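Down below is the structure, laid out as structure tokens.
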Amino acid sequence: MIIQRGFKTELELNNRQRTLYRKHAGCARFAYNWGLRRKIETYKLTGKAPNAMELHRELNQLKLGEFSWMYEVSKCAPQESLRNLDKAFEHFYRRLKNGQKPGFPKFKSKKQGLGSFRLTGKIRVFEHFIQLPRLGRIKLKEQGYLPSKSNRVHILSATISEKAGRWFVSLQVREEISVPKNVGPIVGVDLGINRLATISDGSVIENPKALKRYGRKLKRFQRYLARKQKGSRNWEKAKRRLQRLHVQVTNIRRDVLHKTTTMLAKTKSIIVIEELNMSGMLKNHRLARSLADVAFFTFRSQLEYKTKWYGSQLIIAPRFYPSSRCCSKCGNIKEKFSLSTRIFRCEKCGLLIDRGMNASYNLETVTTSSMETENAWSETGGNSLLAVPVDETGTEQRIIQFS
């Protein structure tokens, strides 16, 4: 099986290299904003916008005079930036086609960070270094992690990015993998705020709540930044300290998500999760901050591609499947079950169980015994469950639907 994946690690740069990388990032940002301005002007006049190749030819003419400073950086930086702009306009056209009224893509600002730039061409990976076109050899902080070019791995591009003063390189590779036969158990996974995931095999993954844990420290650092004179050296120090804390919060969340999804995809043959209405849930101002900190969408997207790598299957139960309101023992469904109630008590059979564990049992039942689930539902509403296969790259992904 051939897949595309990324490998990201930190670089160890000297002052000369940092200056050169800042120039590349600034050139990529300038080319994007220049191309976006040209696209908007042309679209308003003609209803069509020039593509990346047309903009690149126009930019090459300007480099002979007005933009001669762009010769200091690799030609890939502005060229790949214009290709990214093409993708942004593809989303714009798609929304127009669907009857929506989207705004144009937004301009990039240095206030949001230095940004990134992508390089293509001859890229070589060594144990302690990586060699990039025009930039030469750069020392890696982590040795032996990036894959080198081989018969099974083909390096497509390298993206250099900056975050909180630290520079990273991300390699996009095309890799040939052998998908193993997964013989693990079938589980249902209930996602939540207090607990990140409750699994029907009895295990529980705790939510790190990184944003809540560092909330007071974030407020203090933001207060320090607000009291400094904007643009001063102390303001820059306070800004960098706040950025580093935000990166730390992001890394804690990302670490737990990757470890959990990898464990599930490797050790479970079929994983059932529930489709959540995140846009509607985020409208609840009391839960929005905690929901954003959990990152349910990232959890699902990681499971989608990792199950293909490790030979497992992902099943998405429908949005209105009453996993929390249905008794996992007798199938009785509560009409109302408030979110604050953490223990499920069945009035019909007397079952007393944790809310999340009960939901995970119900999600597992959807897969392991569709007939039993169908019979349980027939007692209350006569609804049946239908599994619809969605085959993309050899791994079956099923979505449970009501009929």
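A short reminder: the numbers here are calculations on the coordinates, not readings from a lab. In this text, all values refer to a predicted model and were calculated from it rather than measured experimentally. Methodologically, a virtual Cβ is constructed for each residue, glycine included, from the backbone with ideal geometry; neighbour enumeration extends over all protein chains shown.
Pull out a ≥ b ≥ c, the square roots of the eigenvalues of the alpha-carbon gyration tensor of region 1-47, then state rounded if a/c is under 1.5, prolate if not and a/b is larger than b/c, and oblate in the remaining case. Can you show the working numbers first?
Working: a/c = 6.82, a/b = 1.48, b/c = 4.62.
Verdict is oblate for region 1-47.
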ask   = For M263, what is the net charge nearby, where nearby means another residue's Cβ is under 12 Å from its Cβ and Lys, Arg count +1, Asp, Glu -1?
value = +3
ask   = Is any residue of region 5-35 close enough, with backbone N under 18 Å, to a label point placed 7 angstrom from the Cα of L156 along the Cα-Cβ axis, and if so, which?
value = 5-9
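Tell me the mean residue ellipticity at 222 nm calculated for the chain from its helices only (DSSP H runs of n ≥ 4, each -39500 (n - 2.57), averaged over every residue, nearest 500). Can you show the working numbers first?
Numbers: 11 runs with 165 residues, N = 403.
Helix contribution divided over all residues of the chain: -13500 deg cm²/dmol.
Please report E364, E58, E175, E80 as a ranked list, fewest other C-beta atoms within 10 angstrom at the top and most at the bottom. Intermediate values should be presented prior to the final figure.
Values: E364 26, E58 14, E175 17, E80 22.
The fewest-first ordering by Cβ neighbours comes to E58, E175, E80, E364.
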query = What are the semi-axes of the equivalent ellipsoid for region 18-112, taken as the square roots of 5 times the Cα gyration tensor eigenvalues, largest first, in whole Å?
reply = 26, 15, 10
note = Per the rule of 0.36 nm per residue minus the C-alpha distance, extending C349 to A226 adds in nm 38.4 nm
remark   = As straight-line cross-link partners of K308, the qualifying aspartates and glutamates (C-alpha separation under 15 Å, not fewer than 8 residues apart within one chain) are E175, E176, D391, E392, E396
Whole-angstrom gap from region 30-100 to region 299-323, using each part's C-alpha centre = 37 Å
ask   = Under 14 Å Cα-Cα from K141, which aspartates and glutamates qualify once same-chain neighbours fewer than 8 residues away are excluded?
value = E10, E12, E127
key: Value in Å of the Kirkwood radius, where region 252-318 supplies the Cα pairs that are averaged   = 12.7 Å
request  = Would you mind putting 296-302, 333-339 in packing order, based on average other-beta-carbon counts within 10 Å, highest first?
outcome  = 296-302, 333-339
request  = Mind listing the lone cysteines of the chain, meaning no other Cys beta-carbon sits under 4.7 Å from theirs?
outcome  = C27, C76, C326
remark   = Everything considered on the Cα gyration tensor (a ≥ b ≥ c; rounded for a/c under 1.5, else prolate if a/b is larger than b/c, else oblate), region 43-163 must be described as prolate
inquiry  = Tell me whether region 156-287 comes out rounded, prolate or oblate; compute the Cα gyration tensor, take square roots of the eigenvalues as a ≥ b ≥ c, and use a/c under 1.5 as the rounded threshold.
reply    = oblate
message = Using a Cα-Cα cut-off of under 21 Å, which lysines could be cross-linked to K101, ignoring same-chain neighbours fewer than 8 residues away?
response = K39, K44, K48, K87
ask   = Which parts of region 184-213 would a label at K266 reach, counting a residue when its backbone N lies under 17 Å from a point 7 Å out along Cα-to-Cβ?
value = 184-185, 205
key: Burial ordering of V204, V173, fewest other beta-carbon atoms within 10 Å first   = V204, V173
